[in-house]
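To start, the structure under review is shown below, and the notes come after it.
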Amino acid sequence: MTMPGFAVVGHPNKGKSSIVATLTRQDAIRISEISGTTTTAQAFELCVDGVSHYRLIDTPGFQRPRQVLSWLQQRAPNAAERKQTVQDFVTEQRHAASSRFQDEIELLQPILDGAGIIYVVDGSLPYSPEFEAEMTILQWTGQPRMALINPIGGAAHVEEWQNALSQYFSVVRVFDPMTADRQKQFAVLSAFAELHEPWRPAIEATMAALTRYFDRLASQGAMIVAEHMVQMISHVSDVRVPADFAKSALETQLKSQYQRHLRDMEFSMQRQLQSLFAHSNMRVQAQLLSADYPDLFDNSHWYLYGLDRQKIVALAASAGAAAGAVLDAGVGGSSLMAGALAGGLLSGLASLAATWKPEKLNIKGVPVAGKTLTAGPVRDLTFVFVLLGRAVDFLELMLRRTHADRTVAELASTGLTERLERLPKLEQVQLTRSLQKAAKGLNDKELVQLRDWVLQLSQPVPGDSPTGKPG
């Protein structure tokens, strides 16, 4: 199959580079609000598992379309000769000692070489007849073409653009590269399959490969979160007690060491997710996502990520009852469900107490010279859900962030309580029990189950998309 190619063209600073970045999943493409950032045609390929599926050519913007069209109209006596006349213009101007039309040469050449056309306009600005010259030039090339309306500053003028563009282009779509999900990206590819039948097999194969790729990324990302959750919950820090010691100084040292290790593990998880989703250049601020992103141990912000107090108590009681029920089953029911009742009551009361003072770090060990003082694993269910809430929020960010978005990453304040409601009640309890068991580690089967729950919890909320500035 021939690999399809598309030239992304239009006026300067209409988001052409942003569209290329999103559709090729590359965050290394230069994007800027400064007009004229792209000065030469540059090709970028979408690669999935080492296989190139299509090529997008990022081009400079039109600079002198009316002068170019005037040149063409003087030399093309009829429609049959228009494409050749465009070729003559590019050839003549390329060999000219000093050409004023360098940008037009750069954007027209890949089209004449066979690339399809993606024409980009800004839907936040009013339509103007000045754009008709460049649209006419593109029409003269005879190549399959579509128009994308990029609502850079809003959609105030989208309808008038649609009315005008439909006279020059067979397909007109509204496409925001900052928020375009998989379905919107596939809609652009499908349109080209309709416009140019020879490309259909390659485009359909591309969408199938991308579907498998996206699903695999999500599963791998959820596994990274699950593995790091177990590492953080089960982590233990310790410090040796010297002959001469001050209890408060040792506890301060241990607390600092324990917190640093948890932060390092969370940061490692975030960096692995960024690498997996090809967002290595995503701007972060040290280990935090932005200046107002709460520190891992800033308890005043726990409510943003953890569960509400009533939910924690209910889940803890149910998880304790579930554990007790397992014990009852093991003794043939002779305990008359006393284990389930006691387990639920004790777990509920323990979590109720924990929610009153969630900042307390449990430091184990009697400070006797020659012994070891330890902190961890995490037993506080409140804090466990804080870790989970932060992790699934970050994974959701990776799942929905496009490669055109160059803003400083910020997490949505989606409460974990709301996320948990996506799971059936029984699975909420099973998840809670799994997180409690994680303090001692999970086997492979339990880790896979945790991964599946993380994947469900991290799915983007419909209609909730990040916003930002295109380039």
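Every number in this text was worked out from the coordinates using simple rules, so none of it is lab data. Since the model is a prediction, treat every value here as computed from it, not as a measurement. No Cβ is skipped: glycine too gets one built from the backbone with ideal geometry, and neighbour counts run over all protein chains shown.
Assorted remarks:
- Pairs from the table (K311/K437; K255/K371; K247/K437) lying more than 23 angstrom apart at Cα are K247/K437.
- Kirkwood Rh and Cα Rg combined as Rg over Rh, evaluated for segment 5-195: 0.95
- Length available on full extension from T417 to Q456: 0.36 nm per residue minus the Cα-Cα distance, which gives 12.7 nm.
- Charge context of A438, other residues only, Cβ under 14 angstrom, K/R +1, D/E -1: +2
- Environment charge of C47, counting only residues whose C-beta is closer than 13 Å and scoring Lys/Arg +1, Asp/Glu -1: 0
- On the principal axes of its alpha carbon atoms, segment 388-448 extends 39, 24, 16 Å, with the longest extent given first.
- W453 sits among other residues whose Cβ lies under 12 Å from its own Cβ, and their net charge, with Lys and Arg +1 and Asp and Glu -1, is +1.
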